[in-house]
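The values are calculated or read from the model by the stated rules, or taken from the named source; none is laboratory data. Since we're looking at a predicted model, the values are computed, not measured. All Cβ positions, glycine included, derive from the backbone under ideal geometry; neighbour counts span all protein chains shown.
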Amino acid sequence: MIQVAILTLAVMLYASSLGEVNYLAEVMVNDQPLGVLWKPPFRIDITDAAKAGANDVVVDVTNVWKNWILGGWKFPEAERVTWTLYPFYRDDKDAPLMDSGLLGPVRLLS
């Protein structure tokens, strides 16, 4: 959770820009879900949820399936939590992970 201070709301509209996101991001402000962003420009209007003063901003980012599969190969079989019927990447356990997460920059726009 990130706290964001907004000095005044007046009649201004506020939007949050998450910069680069790989691949899904769900945004909540002050415990109010605002939506799921899945394509650029990764911006969402937070006007109705934001208040003057401190605001709690939560951004949940979903990882990609490829990374889950590749990451699972690093664990002993008994400890893996991800499985698939098709053995994706079985022959390339050292394949690089895809960039994933909130890469930013995160900005508050008015």
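Being modelled with pLDDT of 80 or more and part of a strand (DSSP E or B) narrows it down to one residue among 59, 4; which is it? Give the derivation first.
Working: 4 fails: modelled with pLDDT of 80 or more.
After ruling out the rest, the residue left standing is 59.
Taken together, the criteria place residue 52 among residues that are small (Gly, Ala, Ser) and at pLDDT below 85. On inspection, residue 34 passes the criterion of being in the same structural domain as residue 17 (by TED's automatic domain parsing), in a strand (DSSP E or B) and surrounded by 14 or more Cβ atoms within 10 Å (Cβ to Cβ). For residue 85, the requirement of being in a loop (DSSP other than H, G, I, E, B), under 13 Å from residue 22 (Cα atoms) and without any contact (Cβ under 8 Å) to a residue 60 or more places away in the chain is not met.
Being among the aromatic types (Phe, Trp, Tyr) and at pLDDT 80 or above holds for only one residue in 23, 14, and it is 23.
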